[in-house]
Amino acid sequence: MGWEQDQTKRDEYFMRTALELALQGRGWVSPNPVVGAVIVNESGQIIGQGYHERYGDLHAERNALKNCKEPPAGATMYVTLEPCCHHGRQPPCTDAILEAGISRVVVGSGDPNPLVSGKGIEILRAHGVEVTEGVLREDCDRANEIFFHYIRTGTPYVVMKYAMTLDGKIAAYTGSSKWITGEEARRHVQHLRGDLQGIMAGIGTVLADDPQLTCRLPGARNPVRIICDSRLRIPLQSRLVTTAREVPTLIATASEDMDAIRRLEDRGCRILYVGKAAGRYDGLTDSRARGIDLKELMHRLGQEKIDSILLEGGGTLNWSALQSGIVQRVMAYVSPKIFGGESARSPVEGRGVTTPQFAWRLKETAVSRLGEDLLIDGRL
């Protein structure tokens, strides 16, 4: 591959390997970042590699050092995120790198955590370690966009997901919605549920569909279930309530009905009291939307260390989420079907914007095929 003559190619190759390792921790390390590390000797051979596998377990750098096949002194370490230099659930990775005698460290992303944020690199350089920064930075940043958002804002990264027909319907006029998309698209959604820490829906979806909101992939973890239910209308016999002792279930409400709260808590649900949203209309905000304050809810969930949410709401909750400014990403699964029906539901309802200039716009949009369906994925 011409590594001997081209250091850039060599660095990018091994950083890609580290990045592939990092992504294996997705869904398991939250609210920590995904990180991968590869150790390469002077002959260009990988002698150790590892990634952050579970929240609270060894960090990627220490896992890579533990897995070394030969002494790492004088070797180069490739790591997707700046090594930490503070004591948390694990000791500083900078200490382990220095103790191992690593001579060069190649870093993908800088760490925006104020406890690190350049300090890890400074410590390594101060002890004579050569540090190269920004290798495949864009790819490494993208791998940790959830962590970066969470550490900077203290609130979860929200992905609005919905499936619709070519004419923009999420159900037939009868309310029937199974199934809009095919098996491949539905399996893709299950991976999303496993990757993100929480899944949120509104009481309308619960009453209409009685969903379970779990991840059905073998060996995957279930997200925390969050239900927006301002008046505590969730039925005690719903699948969410009857399985609340098995899967963490939070109900966000503005209700102070203590009898209803006790009944739900007795069945294993946790209740989060959240105030009602302020009402106004300025072309973006609908004065009639008087559900719970979603911004306040996001701050409360951030305090619960929930760093990411898959929003699987209906049209009403999706509209409120967009109005509140809590959505970072939209993933729309589009099926080559046409339902028709003027009363059939759409993914985003509410009053709508007054003119096209107020439309929410996606950037960095990608389109991919999943069986017969299309996925349109973009950031707000």
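The values are calculated or read from the model by the stated rules, or taken from the named source; none is laboratory data. Bear in mind the structure is a predicted one, so any value in this text is a computation, not a measurement. Positions of Cβ are backbone-derived with ideal geometry, glycine not excepted, and every protein chain shown enters the neighbour counts. Areas reflect the complete protein model, heavy atoms only, side chains present, ligands, DNA and RNA absent. Shrake-Rupley method; radii C 1.70, N 1.55, O 1.52, S 1.80 Å.
Among 188-199, 120-131, how do they line up from the highest to the lowest mean number of other beta-carbon atoms within 10 Å?
Details: 188-199: 20.3, 120-131: 15.9.
With the highest mean Cβ count within 10 Å placed first, the list reads 188-199, 120-131.
Determine the dipole magnitude for the chain: charges of +1 sit on the beta-carbon of Lys and Arg, -1 on that of Asp and Glu, nothing else is charged, the reference point is the Cα centre, and the result goes in debye to the nearest 20.
Details: 47 positive and 47 negative charges, 247 e Å.
That gives a dipole near 1180 debye.
Suppose the chain between Gln45 and Leu166 were pulled fully straight at 0.36 nm per residue; how much longer would it get relative to their current alpha carbon spacing?
38.5 nm
Given Cα positions, please report Rg to Rh for segment 299-338, the hydrodynamic radius being the Kirkwood one.
Working: Rg = 12.9 Å, Rh = 12.1 Å.
Rounded to two decimals, Rg over Rh is 1.07.
Along the charge dipole of the chain, pointing to its positive end and built from +1/-1 on Cβ of Lys, Arg, Asp and Glu, which listed residue (Cys269, Leu192, Tyr78) has its Cα farthest out?
Cys269
For the chain, what's the relative contact order in percent, using C-alpha pairs closer than 8 Å and at least 6 residues apart?
Once divided by the residue count of the chain, the mean separation gives 15 percent.
Starting from 0.36 nm per residue, how many nanometres of slack lie between Lys9 and Lys276 once their C-alpha separation is accounted for? Could the numbers behind the result be given before it?
Details: separation 267, 0.36 × 267 = 96.12 nm, distance 5.43 nm.
So the chain would gain 90.7 nm between Lys9 and Lys276.
Net charge near His127, counting Lys/Arg +1 and Asp/Glu -1 over other residues with Cβ under 12 Å of its Cβ? Intermediate results must be reported in sequence, preceding the final value.
Details: positive: Arg125; negative: Asp95, Glu99, Glu122, Glu130.
Here the count lands on -3.
For a Förster distance of 45 Å, can you work out the FRET efficiency between the beta-carbons of Arg262 and Thr365, rounded to the nearest 0.05?
Details: r = 47 Å, r/R0 = 1.04.
Once rounded, the FRET efficiency stands at 0.45.
Kindly write out, for segment 19-31 in residue order, the coupling ³J(HN,Hα) from the Karplus curve 6.51 cos²θ - 1.76 cosθ + 1.60 (θ = phi - 60°), rounded to whole Hz, with x marking Gly and Pro.
Per-residue couplings from phi come out as 5, 4, 5, 4, 5, 5, x, 4, x, 10, 9, 3, x Hz.
Taking a probe of 1.4 Å, how large is the accessible area per residue of the chain, in Å²?
48
May I ask for the net charge around Pro92, where only other residues with Cβ less than 14 Å from the Cβ of Pro92 are counted and Lys, Arg are +1 while Asp, Glu are -1? Before the final figure, lay out each step's value.
Numbers: positive: Arg62, Arg89, Lys119; negative: Glu61, Glu82, Asp95, Glu99, Asp111, Glu122.
Spelling it out: positives minus negatives among the neighbours equals -3.
For the chain, report the % of Cα-Cα distances exceeding 25 Å. Kindly include the intermediate steps, with their values, before the conclusion.
Values: 43030 of 72010 pairs.
Summing the P(r) of the chain above 25 Å gives 60 percent of all pairs.
Which of the pairs Lys178/Lys363; Lys178/Lys305; Lys161/Lys295 have their Cα atoms more than 27 Å apart in this structure? All intermediate terms of the calculation are to be shown ahead of the outcome.
Details: Lys178/Lys363 30 Å; Lys178/Lys305 33 Å; Lys161/Lys295 19 Å.
The answer is Lys178/Lys363; Lys178/Lys305.
With a 1.4 Å probe and all protein chains left in place, how much of the accessible area of the chain comes from carbon and sulfur atoms, in whole percent?
With neighbouring chains kept in place, the figure for the chain is 47 percent.
Applying the Karplus parametrisation 6.51 cos²θ - 1.76 cosθ + 1.60 with θ = phi - 60° to the phi angles of segment 344-353, what ³J(HN,Hα) value in whole Hz is obtained for each residue in order, glycine and proline being reported as x?
5, 6, 10, x, 10, 10, x, 6, x, 7
Quick query: amide H of Val105 versus all other amide H atoms, modeled in the peptide plane; which residues come in under 5 Å with a sequence gap of 5 or more or a different chain?
Met77, Glu130, Val131, Thr132
For all pairs of alpha-carbon atoms in segment 56-187, what percent lies in each bin of width 5 Å, listed from the first bin to the last filled one?
Going out from 0 Å in 5 Å bins, segment 56-187 shows 2, 9, 15, 17, 14, 9, 7, 6, 6, 6, 5, 3, 1, 0 percent.
Quick check on packing: order 108-118, 165-175 by the mean number of other C-beta atoms within 10 Å, highest mean leading.
Details: 108-118: 18.9, 165-175: 15.7.
For the peptides 108-118, 165-175, the packing ranking is 108-118, 165-175.
Find which of Phe358, Ala260, Gly340 sits farthest along the positive direction of the dipole of segment 236-380, computed with +1 on the beta-carbon of Lys and Arg, -1 on that of Asp and Glu, about the Cα centre.
Comparing the listed Cα positions along the dipole, Phe358 ranks first.
Once each part is reduced to its C-alpha centroid, what is the distance from segment 16-95 to segment 311-380 in angstrom?
Cα centres, segment 16-95 to segment 311-380: 38 Å.
For segment 5-106, just the Cα set please: Rg and Dmax, both in angstrom.
Reported Rg and Dmax, both Å: 12.7, 41.
Among 142-149, 346-353, how do they line up by average Cβ neighbours within 10 Å per residue, starting with the highest? Spell out each step's value before the answer.
Details: 142-149: 20.2, 346-353: 17.1.
Peptide ranking by packing, descending: 142-149, 346-353.
Taking one equal scatterer on every alpha-carbon of segment 226-370, how large is log10 of I(q)/I(0) by Debye at q = 0.09, 0.15, 0.18, 0.19 1/Å?
-0.35, -0.92, -1.20, -1.27
Report the local net charge at Val206: Lys and Arg +1, Asp and Glu -1, summed over other residues whose C-beta lies under 14 Å from its C-beta. Numbers along the way, then the final one.
Values: positive: Arg225, Arg231, Arg233, Arg239; negative: Asp209, Asp210, Asp229, Glu312.
It works out to a net charge of 0.
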